[in-house]
1. Pick out, from the stretch A:111-193, the helices (runs of 4 or more DSSP H) lying fully within it that include 3 or more residues that are within 16 Å of ligand 1 (Cβ to nearest atom).
2. Exactly one condition in (1) open to solvent by 10 Å² or more (accessible area, probe 1.4 Å); (2) aromatic (Phe, Trp, Tyr); (3) within 23 Å of B:Arg393 (Cβ to Cβ) is false for B:Trp104; which is it?
3. What about A:Ala329, is it open to solvent by less than 70 Å² (accessible area, probe 1.4 Å), within 12 Å of another protein chain (Cβ to nearest Cβ) and either out of contact with any Gly (no Cβ under 7 Å at 6 or more places or on another chain) or closer than 24 Å to B:Gly318 by Cα (or both)?
4. Hey, A:His434 hits all of (1) over 25 Å from A:Ala150 (Cβ atoms); (2) over 15 Å from the mean Cα position of the chain (by Cα); (3) not in a helix (DSSP H, G or I) but one; which does it fall short on?
5. Quick test of your reading of the structure: A:Glu26 fulfils all but one of (1) open to solvent by less than 60 Å² (accessible area, probe 1.4 Å); (2) under 18 Å from A:Gln129 (Cβ atoms). Name the failing condition by number.
6. Can you name the residue in the stretch B:334-359 that is under 30 Å from B:Phe225 (Cα atoms) and outside any helix (DSSP H, G or I) and, of all such residues, is farthest from the other protein chains (Cβ to nearest Cβ)?
7. Could you tell me whether the stretch B:413-434 includes any residue that is in the same structural domain as B:Gln173 (by TED's automatic domain parsing), away from ligand 1 (no atom under 16 Å from the Cβ), within 30 Å of B:Val113 (Cα to Cα) and charged (D, E, K, R)?
8. Among the residues of the stretch B:221-233, is any surrounded by fewer than 17 Cβ atoms within 10 Å (Cβ to Cβ) and more than 16 Å from ligand 1 (Cβ to nearest atom)?
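The values are calculated or read from the model by the stated rules, or taken from the named source; none is laboratory data. On a predicted model such as this, the values are computed, not experimentally measured, just so you know. Cβ placement follows ideal geometry from the backbone for every residue including glycine, while neighbour counts extend to all protein chains displayed. Ligands, DNA and RNA are stripped out before the accessible areas are found, and what is left, the full protein with its side chains, is counted by its heavy atoms. Shrake-Rupley method; radii C 1.70, N 1.55, O 1.52, S 1.80 Å.
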Number of protein chains: 2
Amino acid sequence: MSQTPDSAVREYIDQHRAAFLADLAEWLRIPSVSAQPQHAPDVRRSADWLASTLKETGFPTAEVWQTPGAPAVYAEWPSDDPQAPTVLVYGHHDVQPAAREDGWDSDPFEPVVRDDRLHARGAADDKGQVFFHTLGVRAHLAATGRTTPAVNLKLLIEGEEESGSPHFRVLVQEHAWRLAADAVIVSDTGMWSEDTPTVCTGMRGLAECEIRLYGPDQDVHSGSFGGAVPNPATAAARLVAALHDEHARVAIPGFYDGVVDLTDHERALFAELPFDERQWLRTAKSYATEGEAGYTTLERVWARPTAEVNGIGGGYQGPGSKTIIPSSAMVKLSFRLVAGQDPDQVEQLVRAWAADRLPAGIRHEITFSTATRPCLTPLDHPALQSVVRAMGRAFGRPVRYTREGGSGPAADLQEVLGAPVLFLGISVPSDGWHAPNEKIELDRLLKGAETTAYLWGDLAEHWRHAP
Amino acid sequence: MSQTPDSAVREYIDQHRAAFLADLAEWLRIPSVSAQPQHAPDVRRSADWLASTLKETGFPTAEVWQTPGAPAVYAEWPSDDPQAPTVLVYGHHDVQPAAREDGWDSDPFEPVVRDDRLHARGAADDKGQVFFHTLGVRAHLAATGRTTPAVNLKLLIEGEEESGSPHFRVLVQEHAWRLAADAVIVSDTGMWSEDTPTVCTGMRGLAECEIRLYGPDQDVHSGSFGGAVPNPATAAARLVAALHDEHARVAIPGFYDGVVDLTDHERALFAELPFDERQWLRTAKSYATEGEAGYTTLERVWARPTAEVNGIGGGYQGPGSKTIIPSSAMVKLSFRLVAGQDPDQVEQLVRAWAADRLPAGIRHEITFSTATRPCLTPLDHPALQSVVRAMGRAFGRPVRYTREGGSGPAADLQEVLGAPVLFLGISVPSDGWHAPNEKIELDRLLKGAETTAYLWGDLAEHWRHAP
Ligand SMILES: [Zn+2]
Ligand SMILES: [Zn+2]
């Protein structure tokens, strides 16, 4: 790689740094909290602001897309190169709720720079990481002398991510032909740490359900009937206890069918990360690690499927005691899924497993809610390698690999558009997502812009369509 | 047995029936609801009324015993026979809450006779069954021509039974020397059915605890940490699931140590009862029976120890889902105990079992509350045989045997006084204890009086002290 384009990119970014930050601050002042109905006008204002700013940036097309909830923003900037690949960038313009009295040192919607960090709700999640794309594409054009990007660049910035993206999948389905892309780049995640740039190669999927169990028609006296009729709280507990075997593997028959195992190479890459288990435990606010035998903690949270109890309840939960056999109980379960698993298939397995295990006299109902597919991009995917190279140039350090244990709407893009999902995020765990004093280091934010400035050229060079 | 004393008893009861029912109605009009603070004066009035009525009946001593809560009534009527055994009758003068709007067909504290049944709160539980003793002892004297009872007769009628008898044990300990007796007769239970007079030979004991389990210091995200740290809701469920083995036997090591097994004779006696499992399931409001392998339903609820979950809770229990690993969970357990088991010993076993089973990273606290000992009187106990004979004479039918699955303060009397506990109750399940329209059949109530009229003479005849 020549040195010249890199210094040109850096020079452009340096020159436009102040204006970029001033524009971002203007956006951050709009309290686009999607979860709070009183902020619905602000979420709309945020969408309008972004669409017009993208037009000013140079995107020939920038539209506000209405949904039954909050609006999304769509923009595209086609390349003049007919063999250019098409990239769809995903992010969101809504933010988590925030109030000064939650523990913020300054107004969450009045951005301030302290310690070279920009403090505001949305600075990291996700307005900052959306907005560096505007500076990045301009730097890419300036450094290469192009008038259009080297890739067909599309942006889809939704407005309901912090509310569970209830209308996102339908939105993507309705606009699938316009969103069509060779790769999706999600800019709503982070990297390992300030010192360790990383790319994420996959996200776990999610299936969630509630199982309600019914025993006696009403609570009955445990002195009169205890020991002789089935107790739904006991049945609930036994279901939960039967979720895992003695190796902490999920014991639902068929659950691991099709699971894409970690390769030795990927396990070796995870092992290169400077992982401090004591520090991780502090983040987890926990007192011990525990999980599937044969896997490290990182492998367990990133690359292995799980079954977890999110809630359980039944019978008397107040102070003191009450000698009853409760009439009902419930458990809320969530299953994190990895590549090769399908939430609909998991639903069928869970239904069969539960029906099979419940005793006579206990009736049950299962309701499945969220179904998010997992996504995983192979390490040797050319677009992934472009992201790694671009990030390495921007950060000047070796780029390592992670995965994401959580689940997100990116999976809908992967599934509906049939395109691989890549992750380009420069936030770090200490940026305080969803917490008071959310912030982003200014230099790191600009390295995000720099990464994209390199990325479009690299992608076009290594992943061109055949003529 | 000669016919003459029986007809004399019946004649006396017939002649005094109207006055007896009028007096009982007066007592039932006092709403002595111990669980409702606004009725505290009524509970005191009820105690005063009973003490003065017992004096009018002929008891030389009748006292109101204060406690830190509601007062009890104590009365005694010594025999002039120096070899007479001493009998302590237990009952209670407080009642369950009741309000017309709960579904009563008439004012719960304005007794009325409908269908030859006296309807009022306390008619069966327990004022009616306490009060028949006043008529019974008078009939006994009239029929035998005695001026004092054939036994040393003591009555202890507490005022907090419906509130869990919080001060009863201390009361009994403080007055142990005055309460000393050869046998305790509990008149606060029932018999099998109107057609099947029975005596109860034992009651299960009770140990209750709450186990609180702590995992992460706060709820943490199951996407980020799921599958890699211990979940206290899972730990709670596993504890509950580990309570029983595959034969529905309690799996806590040592739990069955010392348990007095049912004899073949007693099992045969239980089997003589006209038990209809479908009808029983309706009472249990349940859809199947389930319990310890090798035992019938009646054996399970009367004569086998149990472990039951009365409540379980942890994590998110609201609508929808929340992808958390909860920071805490809890279970409330109760153990019904049978003869040979000791609640303090069971507490130690449960503590050791729980500590042993919980994984690293899960802290726990166990709090034990109620500890009620079981009681059991051998079938061939001479005093028990007296009760059976007396009841047989009054009801004119064979008397069969039951036990009681619940637990009561009678066990304190057994333990503190070192006397066997016998049960003399004439209520039946359809009398509606703790329910609207509580009632007692008048003829059955008077057969209770008749039973005691025979009982004192029979006891004195078959169970005299050595001269
Ligand atoms: Zn986000
Ligand atoms: Zn009672």
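1. A:127-144
2. (3)
3. Taking the combined requirement at face value, the residue satisfies it.
4. Every condition holds for A:His434 apart from (2).
5. (1)
6. Ranking the qualifying residues of the stretch B:334-359, first place goes to B:Leu358.
7. Checking the stretch B:413-434: at least one residue is in the same structural domain as B:Gln173 (by TED's automatic domain parsing), away from ligand 1 (no atom under 16 Å from the Cβ), within 30 Å of B:Val113 (Cα to Cα) and charged (D, E, K, R).
8. no
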